[in-house]
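Before any comments, here is the structure.
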There are 4 protein chains.
Amino acid sequence: MMSLEDMSREGTWFIEFNTPFSYHIRGIKRVLYNGVTKYQRVAIVEFEDLGKALVLDGKTQSTVYDEFIYHESLVHPAMIAHPNPRRVLILGGGEGATAREVLKHRSVEEVVMVDIDDDVIKISRDYLPEMHQGAFDNPKLRLIIGDGRKFIEESKDKFDIIILDLTDPLEGGPSYLLYTVEFYTMIKDRLNDNGLMVTQATSTFYALYTFAAIYRTVASVFPVARAYHTYVPSFDSTWGFVIGSKGLDPVSLTPEEIDSRIKNRINGELRYYEGDIHRVLFTLPRHIRALLENKSIKPATDKNPTFLPA
Amino acid sequence: MMSLEDMSREGTWFIEFNTPFSYHIRGIKRVLYNGVTKYQRVAIVEFEDLGKALVLDGKTQSTVYDEFIYHESLVHPAMIAHPNPRRVLILGGGEGATAREVLKHRSVEEVVMVDIDDDVIKISRDYLPEMHQGAFDNPKLRLIIGDGRKFIEESKDKFDIIILDLTDPLEGGPSYLLYTVEFYTMIKDRLNDNGLMVTQATSTFYALYTFAAIYRTVASVFPVARAYHTYVPSFDSTWGFVIGSKGLDPVSLTPEEIDSRIKNRINGELRYYEGDIHRVLFTLPRHIRALLENKSIKPATDKNPTFLPA
Amino acid sequence: MMSLEDMSREGTWFIEFNTPFSYHIRGIKRVLYNGVTKYQRVAIVEFEDLGKALVLDGKTQSTVYDEFIYHESLVHPAMIAHPNPRRVLILGGGEGATAREVLKHRSVEEVVMVDIDDDVIKISRDYLPEMHQGAFDNPKLRLIIGDGRKFIEESKDKFDIIILDLTDPLEGGPSYLLYTVEFYTMIKDRLNDNGLMVTQATSTFYALYTFAAIYRTVASVFPVARAYHTYVPSFDSTWGFVIGSKGLDPVSLTPEEIDSRIKNRINGELRYYEGDIHRVLFTLPRHIRALLENKSIKPATDKNPTFLPA
Amino acid sequence: MMSLEDMSREGTWFIEFNTPFSYHIRGIKRVLYNGVTKYQRVAIVEFEDLGKALVLDGKTQSTVYDEFIYHESLVHPAMIAHPNPRRVLILGGGEGATAREVLKHRSVEEVVMVDIDDDVIKISRDYLPEMHQGAFDNPKLRLIIGDGRKFIEESKDKFDIIILDLTDPLEGGPSYLLYTVEFYTMIKDRLNDNGLMVTQATSTFYALYTFAAIYRTVASVFPVARAYHTYVPSFDSTWGFVIGSKGLDPVSLTPEEIDSRIKNRINGELRYYEGDIHRVLFTLPRHIRALLENKSIKPATDKNPTFLPA
């Protein structure tokens, strides 16, 4: 049994303010890095229970303990639904784990990764080798430091898959204009035929309304839209994702087809994603399905964006 | 945007000490009841985000916001797997929501509920009508105040379904001897042919090893054992359950069969459980499956019980 | 040694947000009352370590453990400095403990107490008899429910002593206009010759600059101004007070004179205030004295008030 | 006004578990060092409000903001009471600030400092130059790495002043045998005629009973014993000290005598200690005086030591 004395020895803690009325306190073993970049506050900490973690502006982004759940769920459903993804664009994804998962697909010829914060990438390279696992040195990766929305506005490039690995849409934050009808319309334009995009879509517990708003925004732009989620322990919550597709539907695949595609197309081991889990991801409970169908939730636009509750 | 001043006005908070290094703080709107019974500390609070809740010894047991997820997941998979459950035994379940779910099954003729703490039942009757919804007044319910293990040791009754809605196995706590080989052996003896038991089996994140130990204990006693889990927001975690069965296998049912049985056998609406969700419940990710198969985790016995980490 | 399990049983806690970067968490034994009046959120809680307490808008106002330190320090230095205080005005002081201390002085013929929040007084009468000790039933007390500043603006009454037992000057809060040159000028006008006023003047640790601003504001209005402070455990801090006087100087009294006046003029026992403690109260350390003399801190006015840091 | 978003950006916090029911959370700007020595967990952090700090086993020892209050109060009352302190022994005091204050006295010829933890001294030298201010390089300082009690048992040296700058007497901790009759008897034996010892004596709020026990232990060994305290913001509390003297009485000095001795005998500036503050230090409120005289509190012995409450 843990005593007060043992706990108090800890000293240093991390507090994640999930909402104004819900905070999570975690013991920190070590703080490996703590600084402020041009864009945000960055910390690399080692949690007692979750191992090393990247924290941006006080929000846990990835932990060694369970980042595989988040990153495999973000990357593979869209990639596997595509018959032959060769060119992939990632917006965000600074710690390199999204690129790592994309690069496991043998079909991939080029990954363009656009992240605004050079320093986060440098810090991740130095402190989080468990996460990028060398992805930054892969010759297929082209890294561009710049603003994601501006890149989309100016680029003439086309991609098979576009992955939006962004921070949550916070009022006044850097990302909320990457969750709007205008933005998704440009994204669609940057996709090849058969192309799919996927975006992280925040907590389906703490911010369920925002999740629904992102889904409804994507669905207003793409012919096929699919919302899914999975439990990520370090986020204290189930976490949502939304796919927008020009035609292919990830839900139409059977577990067997998925397992077969994984076997034929992916190098190395997956730790979470597989055929049965794909089906679990896309099975949402009734109270979430009801909200997704709620027509009073309007698509977010540049003028009327959606924000996390606060 | 919430200001510090708004937050500080709150004043009263609940802290759940999940582990020595992980605490969750929640805003409390009202404390409706706070007292100590012969067995435990009982509070009825109203959380800002989760509504009214029953808290025993500082652990959130049920909240109005999401108790339906926990209670439907606990009760229906075993009940639905049985062709015609008529006599049901519940150990624990003081706030009456487990009985409420059982009583939705038209086949049920008698529910025996054994709970050690008279006061918790009285307090729940008074303060938590949203949870029991009149279950305590149902003529099919027979309520016995007493020790669950002792009841099992002394009873000659037989049941189709036995539901163990207990507190976690804490060292020195009141429940750890209801998670052992000896106890499950007696439970099996109290089941009719075709009978199934189900037990809550703690967090599959905070106490995954204990979950595996409970599974392996049940599997050492029953011919069929099935572990499953689902995300319960108010527990900050996915929550585990284990079924022990004398023969019937809940995993063999298709979603369609389940939906058909629900339609034919259940009165009123379910809010969470349905055929597709049944399949989700029993699909565990690979790292959890691996632990369930880990032979170094020995079945818990009265002499060597399993405990929550602390 | 306290274990995690013992602590977690607690469940309900109080968090005082002292500043954006400093929060104090205390165990709550019971919540006796929790509600919202026309003006503020009111809670009566029983702390594990400090006993019953009045909490307004999430700020601890008084605890059974140490309110005697605060209230004796607020009331007696000004009262004792006056040769014969007969008419006393209290603004605020809802829980009745300030009136209780004033009424210990045999010379007092009438105490007028003006508090804006009828409900706080009712709740204190019901739940905090240890604090008011019958003061509300004393025939010398005249209780007026109303706005303190408005009372001062409209009253023609004169007093020997005016005691300002107010909440802190928070931006947007109800009290900040009771800490300005304009207000103190009216207060001076309501004082008889030889009259003194005293105001609570916030924490000399968490809000030292505000303490200095209050002192400098009083000193710009009154010929004699004296700042003092004492440690109040439940405020986590030393707590400041400022006296404004038309001529009499509390610092000129020796400990012996004070003890003699206490003996001759006060009914009942004091628990904290005495001659030696009087001298301690008015002995401020050098870094506080330096700030009090800092001419860049301007007196607060209705147009440029002083606020707590936030 | 601080918003939730601003606060949450902070990320890293320090929690001091004062008692099982009282915790203080502080924002951390940077963690400069975090490690474990042979004896304890050591952290150098920079608090948002208190600046750089030394934290041992989760307890704040010294902060740049207010260590001068603690260290001047520990060192100077005993030193000033002595007519000509030449040889001074310090047990503990790893960050070097106690030695720094002792070395301000021109009469001092040798300071022997015995600290058990070499690493704490190295870390303090590197990270806390604001605290030691070069004391470790002063030729009058003789630093001995070793156990304080053992040094006292084996040493034949004599001193004019002995300063016990120890961690609190925690059950199972390294210091509790340095607060006993047996230990103080050896200390008295190591003092020259006219010699004085002083010990830190824990919080007079959180651990008032322990403070009284330390006083009564010293008083059972020395002909003159004097208890005093002062408010130290970073300890959230008034902090106690006890002097044991072979004859000289620090309370007999007038403020004027003290100011004169400071002027004649001390190099450099003091920031807190002066004649008037000396008098404040030794003026304890009535409820503390009553406990000091409480004969049911027995002197601590090696067999029946006194511990902090837990």
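The values are calculated or read from the model by the stated rules, or taken from the named source; none is laboratory data. Quick caveat: nothing in here was measured; it's all calculated off a predicted structure. Every residue, glycine among them, receives a Cβ derived from its backbone with ideal geometry; neighbour counts consider all protein chains shown.
Selection within the stretch A:170-196: residues that are modelled with pLDDT of 95 or more and under 23 Å from A:Glu72 (Cβ atoms). The member of this set that is farthest from the chain's Cα centre (by Cα) is A:Asn194.
Whether any residue in the stretch D:180-197 is crowded, with 18+ Cβ neighbours inside 10 Å and at positive phi is what I want to check. Among the residues of the stretch D:180-197, not one is crowded, with 18+ Cβ neighbours inside 10 Å and at positive phi, which makes the answer no.
Conditions tested, residue by residue: (1) touching a residue at least 40 places away in the same chain (Cβ under 8 Å); (2) more than 11 Å from every other protein chain (Cβ to nearest Cβ); (3) not β-branched (Val, Ile, Thr).
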position: D:Leu50; (1), (2), (3): yes, no, yes
position: D:Val64; (1), (2), (3): yes, yes, no
position: D:Phe68; (1), (2), (3): yes, no, yes
position: D:Glu72; (1), (2), (3): yes, no, yes
position: D:His82; (1), (2), (3): yes, yes, yes
position: D:Arg87; (1), (2), (3): yes, yes, yes
position: D:Gly92; (1), (2), (3): yes, yes, yes
position: D:Gly96; (1), (2), (3): yes, yes, yes
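For the stretch A:123-154, name all the residues that are over 20 Å from A:Glu110 (Cβ atoms) and aromatic (Phe, Trp, Tyr). Once the filter is applied, which keeps residues that are over 20 Å from A:Glu110 (Cβ atoms) and aromatic (Phe, Trp, Tyr), the stretch A:123-154 yields only A:Tyr127. Only one of the listed residues (D:Val181, D:Val114, D:Val198) is in contact (Cβ under 8 Å) with a residue 12 or more places away in the chain and more than 26 Å from D:Leu270 (Cα to Cα). That residue is D:Val181.
Taking the stretch D:159-177, which residues are within 14 Å of chain C (Cβ to nearest Cβ), farther than 12 Å from D:Gln200 by Cα and either of a type in the set (A, V, I, L, M) or touching a helix residue (DSSP H, G or I) at 6+ places or on another chain (Cβ under 7 Å) (or both)? Of everything in the stretch D:159-177, just one residue is within 14 Å of chain C (Cβ to nearest Cβ), farther than 12 Å from D:Gln200 by Cα and either of a type in the set (A, V, I, L, M) or touching a helix residue (DSSP H, G or I) at 6+ places or on another chain (Cβ under 7 Å) (or both), namely D:Leu170.
Within the stretch D:235-265, the set of residues being surrounded by 21 or more Cβ atoms within 10 Å (Cβ to Cβ), in contact with a helix residue (DSSP H, G or I) (Cβ under 8 Å, 6 or more places away or on another chain) and not β-branched (Val, Ile, Thr) comprises D:Phe235, D:Ser237, D:Trp239, D:Gly240, D:Phe241, D:Gly244, D:Ser245, D:Pro250.
Among the candidates C:His76, C:His24, the residue that is surrounded by 24 or more Cβ atoms within 10 Å (Cβ to Cβ) and within 14 Å of chain D (Cβ to nearest Cβ) is uniquely C:His76. With respect to B:Ile44, determine if the residue is surrounded by fewer than 22 Cβ atoms within 10 Å (Cβ to Cβ) and closer than 21 Å to B:Val232 by Cα. Yes; evaluated as a whole, the condition is true for this residue. Looking across the stretch D:27-48, the residues that are in contact (Cβ under 8 Å) with a residue 24 or more places away in the chain, more than 9 Å from chain C (Cβ to nearest Cβ) and not small (Gly, Ala, Ser) come down to D:Leu32, D:Tyr33, D:Thr37, D:Lys38, D:Tyr39, D:Gln40, D:Val42, D:Ile44, D:Val45.
Considering A:Lys150, A:Lys122, A:Lys158, A:Lys140, the condition of being over 30 Å from D:Trp13 (Cα atoms), assigned by TED's automatic domain parsing to the domain that holds A:Met197, surrounded by fewer than 17 Cβ atoms within 10 Å (Cβ to Cβ) and free of Cβ contacts under 8 Å to residues at least 24 places away in the same chain is satisfied by A:Lys150 alone.
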